[in-house]
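Engineer: I have a structure I would like to understand better, so I am pasting it below and will then ask my questions one at a time.
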Amino acid sequence: MARKTDTIGARIRYWRMRRSGMSQAVLAGLAGVSQSYISQVESGRKTIDRRSTLVAVAAALQVTVADLLGQGAEPGDPARDSAAESVPAIWSALIEIEDGERRPATRTREELAADIARSDELRTSANYPAMARLLPGLLVEAAATSGVALVQAAYQASTCLRHLGYRHLALNAARIAVSAAEEAEDPAWLGAARFAYAQSLPIESAPLAARAADRSLAALQAGAADERVRQMLGQLHLSAALTSTVSGRPDVARDHLAEATREAASLGDPPDGAGFNGCGFGPTNVRLWEMSIAAELGEGGRVVELSRTVRPQVLAAANRRMSYWLDLGRALAENGRSDAEALAAFVRAEQAAPAPFALNPLAQDAVVTMAQRARRRAIPDDLRMLAGRMGINLAA
């Protein structure tokens, strides 16, 4: 295992070799950088100074940013380790489906629908480790039935894998969802599948994600009379707004955000807090995305300001409530003057969705930074315990 004194480059090489001797070229391709860049980083001639690059390399290596920074005491993250044993079977099922193989169904349509609903309940509560254990069999059974059932199962697999850090597999699952939705000729589910595809692309592919959202928006316009389609149009506008921000196109981002705001004002928040496919599209979700966009722009004050206008509890998805508290906590921790309030926000984020919070590199980075600031005095017990639950070992 990598040591505390190792460089980031040394840790990258360690994890690359652990992945069955993954080559520098393969890692570079998955992370969206050049092979020469990876070579220079591993040799210590170059450092990684962009957080987005660190995130991409960590995702490609199937580890956490904490692993690459030497913050964790164990090879992997506890939240992901509990699901890791299911990932090979999920991967195998995805390959089988992509290759066109179909096994005979062993469940009735009613039983399959109940299993999909159970998996969706776990997605709503952000219990991705438990969800991962259901997915291998669910994917195979859904493929036997095909149609919307396969779209739902593949969408759920994409969401689960992305939040567990297996972004490349999430992208495979999203592609399966898109193909199944096109075959089913269901515009709403096609919108959901294309949203999953855009979400699965790495940060470095933000321009591609924005273009993919634009193409999806154009393709769905014909079905805009359907409220389900309108909700997905709104979600795609939000996705395009964020990816356009990451791509350095704020004017385009503002246009997409304005369209999402207009659509949300017309639809309102879904009465059940979920709406079509649990996307929760409405004014509340738009504000949450606005907070994320402001965070991406480094506008911490704007994040705090927006937070006062949002009631995240109206949304059913635990991951959306976590996003609210995480963005607020990061904004409060920005200058170190509100670390106590930031810690309280992070605890609320963890309570909302423990697994995705523990796996989130931005959360890990913020917690470690707060701990380093506190060393001049003493690390608060609440912060030490939170770090421990995230798999971060803070020396006494």
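Engineer: Given the conditions (1) in contact (Cβ under 8 Å) with a residue 12 or more places away in the chain; (2) surrounded by fewer than 19 Cβ atoms within 10 Å (Cβ to Cβ); (3) in a loop (DSSP other than H, G, I, E, B), report the number of the one that Leu362 does not fulfil.
Structural biologist: (3)
Engineer: Take the residues in segment 275-304 that are under 18 Å from the mean Cα position of the chain (by Cα) and polar (S, T, N, Q); name whichever of them is surrounded by the most Cβ atoms within 10 Å (Cβ to Cβ).
Structural biologist: Asn285
Engineer: Could you please find all residues in segment 92-133 being crowded, with 19+ Cβ neighbours inside 10 Å, small (Gly, Ala, Ser) and farther than 15 Å from Arg162 by Cα?
Structural biologist: Of everything in segment 92-133, those that are crowded, with 19+ Cβ neighbours inside 10 Å, small (Gly, Ala, Ser) and farther than 15 Å from Arg162 by Cα turn out to be Ala93, Ser119.
Engineer: Go through segment 293-306 and give me each residue that's within 15 Å of Glu334 (Cα to Cα) and touching a helix residue (DSSP H, G or I) at 6+ places or on another chain (Cβ under 6 Å).
Structural biologist: Ala294, Ala295, Glu296, Gly300, Arg302, Val303, Val304
Engineer: Further question on the same structure: So Leu257 clears everything in (1) farther than 20 Å from Leu362 by Cα; (2) not in a helix (DSSP H, G or I) except one condition, right? Which one?
Structural biologist: Here Leu257 clears every test but (2).
Engineer: Ok, one more. If I go through segment 108-160 residue by residue, how many of them are more than 21 Å from the chain's Cα centre (by Cα) and closer than 19 Å to Ser323 by Cα?
Structural biologist: Total satisfying the criteria: 0.
Engineer: A further question follows. Any idea how many residues of segment 318-354 are aromatic (Phe, Trp, Tyr) and under 13 Å from Leu383 (Cβ atoms)?
Structural biologist: Looking only at that region, the number is 1.
Rule-based calculations on the coordinates, nothing more; no lab input. Since the model is a prediction, treat every value here as computed from it, not as a measurement. Note: ideal-geometry Cβ built from the backbone for every residue, glycine included; neighbour counts use all protein chains shown.
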